[in-house]
Structures are given as structure tokens and as C-alpha cells.
Amino acid sequence: MLDVILIDNGVHGLRDYFVDGAAVRYRPARIGGQWPPDLAGADLVIAPNGTDHVALHAAREAVAAHLQGGGALACFCGFFTPWIPGNRWVHDTGRPLNELEYHAVDDRLGLLDGVDLERFAAGRHGIRGGWACGRIETDHAESVLLRDSHHRVIMVADTRSTPGLIVATASGPLGDAAPDQPLPADGGDLTRIYRNLLNVVRQRKESRQ
């Protein structure tokens, strides 16, 4: 069972995308309550789409300690404050998106296993550019997982900045509304990436035990 802390600042419908299942249990850390949160014992900390990054900047030391201990962090939202070690987010909306494509760079962890990048780029209802409100600048070029056709880094899988794992997207969202249900063969790529991430975190946890 993975112990996952979900940063929650009251976004409506958030818990609909992060549902307890047979292999994962979520612990909401509500912004505005006890802050910074106690991350002790967590396998993964998730900052979902719509996160308050000012609050997370105030919690950056707790996050850094979690990563130094080998924990994992996933951020599915443009992190406009510098709270993630080794990575920075830059707002960037000045590029045409109607022909946007995504290109895998280095997927050594298998986060893109089973993902159709063309279908993924097309997005919901054929609207491209859903992850395109910014880009990531990373200290480690080998951490780049996805670039877009404008050569912007839109997703990293960083195991170099800390002993832990940092997976960050230029925006988002990712989540899993039905963790114990099978995915359709011709879709569900956002959920597929998320489930692949949970598998990677599970493997890292088992290797440490």
C-alpha cells in the first residue's frame, strides 16, 4: 500500500481524481490548516493542478527533507515559486498550439509505457496544448522526459537533484478517478502516465525495504 500525501487547497472536485484503491491510500494535507505539513512516512507527495505554490514555497524545507530521505514528489501544476529542488517553471504562452506535438526524450523509468503521444497531444475533444502554459528549466538535462515541438521541456523525471524522485509537469493535470478499474485500450493516457508513476514509486519503495 502506497502512502500518498495530497496537497489540498480546497479546489472543487479534487478528490474525485485521487480516490483510495487497493494499492494506494491518500492523506490530504489541507493548506491553511497545520502548515507546513508533516510529510513523515509518505511514499509520495502530490501537488495537483490548482495548487497554491506560495504555500508550497513556505513548505519547501519539509519537501526537501522528504526528497533527501528518498521520497517521491509529483507536481502536476505550473510551479511559479521556486520550491522544487533543481527545477524551475517559466510562464510561456507565446507559442502557437494548433499543431503542437510531444516528443519523448529519456523515459528510463517507463512513465510513458503504453502511452500514445499523438493521441495524448491531441488532448480532450481534439484540443491541443493542454500542457502548454509554461515550460520547465532543469539543472539536469538527462531528467527531461517530454519536450514539445517548440523544444520546451514540459515534463521531467528527476533522480539527480535529490536522492528522491521528482516528477513535474509544465502544467497538468494527472490523476486517477478509478484506481482499480482497467483503462480502455484506446485512451486514458493521462491516467496511464499517473498509474505508471505509482508503479515506479512502488518499485522504489520495495527496493528500499
At 222 nm, what helix-only mean residue ellipticity would the chain give, in deg cm²/dmol to the nearest 500, using -39500 (n - 2.57) for each DSSP H run of four or more?
-6000 deg cm²/dmol
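In which sequence would LEU174, LEU100, LEU44 go, from the one with the fewest C-beta neighbours within 10 Å to the one with the most?
Working: LEU174 24, LEU100 20, LEU44 27.
The order, fewest Cβ neighbours first, is LEU100, LEU174, LEU44.
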Working from the pairwise distances between different alpha carbons, so that the mean of 1/r is found and then inverted, what is the chain's Kirkwood radius in Å?
17.2
Enumerate the whole-percent occupancy of each 5 Å bin, from 0 to the last occupied one, for all C-alpha pair distances of the stretch 1-59.
4, 19, 32, 25, 16, 4, 1
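Each reported figure results from applying straightforward, stated rules to the coordinates on display, with no laboratory input. In this text the structure is predicted, and so the values were computed from the model without any measurement. So basically every Cβ, Gly included, is an ideal-geometry build from the backbone, and we count neighbours across all protein chains shown.
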